[in-house]
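Have a look at the structure below, then the notes.
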Amino acid sequence: MNYEILKSDSDKRWAELTNGSIPWIRISDAMCCGSSLGSDEIIDNIIKYSAENKIEINISRVGCHGICYAGTIIDVLFNGNPRIFWGYINPENVIETINSYIQNGEILKDNLLGSYGDELIKGVPDFTELPGIKYQKRIALKNSGNIAFDDIFQYIANDGFSGLNKALHSMKSDEVINEVKNSGLRGRGGAAFPTGVKWSFMANSKGKKYILCNCEEGDPGAFNDKGILESDPFTLIEGMIIAGYATGSTNGFVFIRHGHEGPIVRTEQAIKQAYNNGLLGENILGSGFSFDIEVSLTGDSYVAGEETALMESIEGKSSKPRSRPPFPAAYGVWGKPSTINNVKSLSYVAEIIRNGSDWFKSTGTESSSGTAIVCLSGNIANPGMYEVEMGISLGDVIEKLGGGIPDGRKLKMLQTGGPLGGVLGSDSLKVKIDFDEMAKAGAILGSGGIIVVDDRTCAVDLTKSLVAFCQYESCGKCFPCRLGMTHLLEIVEKISRGEGQIEDLSLMNKIGKNMQAGSLCGHGQLGYNPISSALKHFQNDFEKCMSGNCPTGSCQERKIVFPINTRPNAWQVKVGT
Amino acid sequence: MLEKYTDDYILNIIENQHYKTRTMLSSLLTVQDDIGYLPKNSINVVADFMNVSTNDVWGVASFYLNFRFDPPGKYNVEICWGPTCHIGGASELQHTALEKLNLVNQGDTEDGKVSLKFNTCLGACPQAPLISVNHKLHGKMDVKKFSKILDKLN
């Protein structure tokens, strides 16, 4: 297949879709803004309305705009007007909203978010002036919310696969690696290792090689990997093929947790469409390069997101980490050289190749180029998935994008980078979103999750929940983590009950140090982080709880029921009978 | 006890599995997706199919927390207890469910109708606290709404 033919074909379809003669309704349908709020019924109602009234309507299911709080969001492009956006749409109010506009040209003020286009309509606010949109800078998510996640032609019409075409036809593989190196792109999964350098480790080995894309994403508070796959899986696939070409790989796996149907189904659909159009398989775009991608599912296991555990899981075994060395670039999945990248890291690649590394470097900070995709949740007015330029302060993210803390409460803690990340205090608002700045402040940017916690929560209570998570999810392979996490949870729980003693703090420190030194993977090595960072800012809370005076009372109010194993019969079955 | 699902039935499922790369894990996921749990004999069938020992397959099946070894209830209720849902009040939801379903921890109700599970993250944190019923998410949950949902399960 020839790229130019694909492109002109797609452009033609896009022009028909956007010329305004038939209303084009786009409905945001990711997990947060769509399916958890009834998007399927909304779509059914629109289809029914269109059939009953004999009105032709084009409907596309698109991805996330980032402003999850306003879900479900629809917009209509019609009659030469700009796109008109409404939020808080549900199966009940959708028909009135679109009917008034399509039939009578009346723009309902209820739930109106704004309009977006070259010429705005008088009396309708500018959609891009919404704080949740205005302060975003979208690179990886540039298509999200704008194109259908299940139509490859819409993706191609918006410059999709032009980065791949450029790489395959005008760049050697080491030029692609150098371009990514030069862009300063660092891994968005947690460790922030330079992506181009990682690729170069594998470039010289021969034979079967793998690109593994990690979308395990078990971090509570992070949903951006799943968000990308639900909103625009083609961007990820294009990035993976480019990574495959750069490293001389033959196969790719997209690794997703079983049960997350949205990301799974949409990625599989996108892969199929890519095969059908000669963008995957043998001789991609006539370049002679061949590459295959499939989806691999894992069971419920947080540690499966660790790189060597992930390889064990792809091989179909229990997801327990391997010892290193040998490193994945030499001995990866099935013993073959493998490179593991996070979904977000790979989603920048196509844009970097298309626009050049200097373009990418011009965004962000010296040490962290580009953007960060942060997930705001917790006690925040406008939770959402926002792509922001690196270098923006945590305060701006909380206040401008998140709309501050609701209910007249005060900010107390920020929990960033997943449960193993760290806790920051309210004095951290000046800290910039940047890998090194965040690390200096005692937390990590990690996968971009930021849980905002107000002054109703005791630091011990939050820590208990984080430690309980880490204990529950320890894979059990190495004892410093298996026993250490359990011991830490016992102590934190004791403190939370009001029965702790001051010596417990030094004991926890000792356990934490041993875990750091003796654990096989990051889960155990970083397992003490939630406690140490909480102690740094909120030792007072711990001491108060020890004397039975929880500063907020939340330790007493929220009694977590720690889950026990759900498999009572597993060990009663006689093996082999 | 006679197995309801014969070896041939299970072999047929895993031979026709959707996954291109066939492993112990992909075969077990396929069986559970089809039947709802892993019947006793499925472990042996997967072992034969993959040419590995029964022990190996047990190892995988008992490691991942999503596998069950007895039929699930008609309703799968999951409550997220991850940190975001925790500060949103997930523990109250846990206690509500335990009280209404007469359970002491996650597990199946006595009549076998409801399987209750505590999940570490259901993945839609902006809508916290979250629960799901038969994999359909319900966000911004509170005790009142959740009680109503639980009352309707029968």
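Every read-out reported here was derived from the displayed coordinates using simple, explicitly stated rules and does not represent laboratory data. Because the structure is predicted, anything quoted here is derived from the model rather than measured. Cβ: placed from backbone, ideal geometry, glycine included. Neighbour counts: every protein chain shown.
A few comments on the model shown:
- For chain B, modelled as a GNM whose springs connect Cα atoms under 10 angstrom apart, the maximal fluctuation among B:79, B:13, B:43 occurs at B:13.
- Close amide H partners of residue B:68, meaning residues 5 or more places away or on another chain with modelled amide H under 5 Å apart, are B:38.
- Sequence-distant contacts, meaning Cα pairs under 8 Å at least 6 residues apart, place the relative contact order of chain B at 19 percent.
- Segment A:1-132: proportion of alpha-carbon pairs further apart than 21 angstrom, %: 42 percent
- Ellipsoid fit via the Cα gyration tensor, segment B:75-151: semi-axes of 19, 12, 11 Å, each the root of five times an eigenvalue, largest first.
- Relative contact order computed over chain A (Cα-Cα under 8 Å; 6+ residues apart), in percent: 12 percent
- One Cα centroid belongs to segment A:523-543, the other to segment B:27-41; the line between them spans 41 Å.
- Label reach from residue A:381 (point 7 Å along Cα→C-beta): in segment A:106-122, no amide nitrogen lies under 11 Å.
- Choice from B:25, B:130, B:65 with maximal GNM fluctuation in chain B (Cα, 10 Å cutoff): B:65
- Counts of other chain beta carbons within 10 angstrom of each beta carbon in peptide A:297-306 average 4.
- Inter-chain shielding of B:30-41 (mean C-beta neighbours from other protein chains, 10 Å cut-off): 1
- Sites residue A:208 and residue B:18 - FRET efficiency at Förster radius 25 Å, r taken between beta-carbons, to 0.05: 0.60
- Crossing angle, helix A:343-355 versus chain A [Cα axis fit, 0-90 degrees, rounded to tens]: 40 degrees
- Per residue, the convex hull around the alpha carbon atoms of chain A comes to 173 Å³.
- If R0 equals 45 Å, the separation of the Cβ atoms of residue A:119 and residue A:261 corresponds to a calculated FRET efficiency of about 0.65.
- For segment B:1-115, convex hull of alpha carbons as volume per residue, Å³: 135 Å³
- Chain A: angle of helix A:503-518 to the longest principal axis, Cα-based, in degrees nearest 10: 60 degrees
- Simple spin-label estimate for residue B:102 and residue B:48 in nanometres, 7 Å along Cα-Cβ: 4.2 nm
- Most positive-pole-ward Cα, A:224, A:368, A:293, against dipole of the protein assembly as shown from beta carbon charges: A:368
- The shape of segment A:459-557 can be summarised by an equivalent ellipsoid whose semi-axes, obtained from the alpha carbon gyration tensor, come to 23, 13, 11 Å from longest to shortest.
- Value of relative contact order over segment A:251-391, rounded to a whole percent, pairs C-alpha under 8 Å and six or more apart: 13 percent
- Most mobile listed residue (B:40, B:20, B:136) in chain B, GNM with C-alpha springs under 10 Å: B:20
- Whole-angstrom gap from segment A:446-513 to segment A:51-114, using each part's C-alpha centre: 46 Å
- Acute angle (nearest 10 degrees) that the helix A:459-473 long axis makes with the longest principal axis of chain A, alpha-carbon atoms: 80 degrees
- Cα-based Rg / Dmax (Å) for segment A:152-361: 15.7, 45
- Residue A:564/residue A:275 FRET efficiency (R0 41 Å; Cβ-Cβ; nearest 0.05): 0.40
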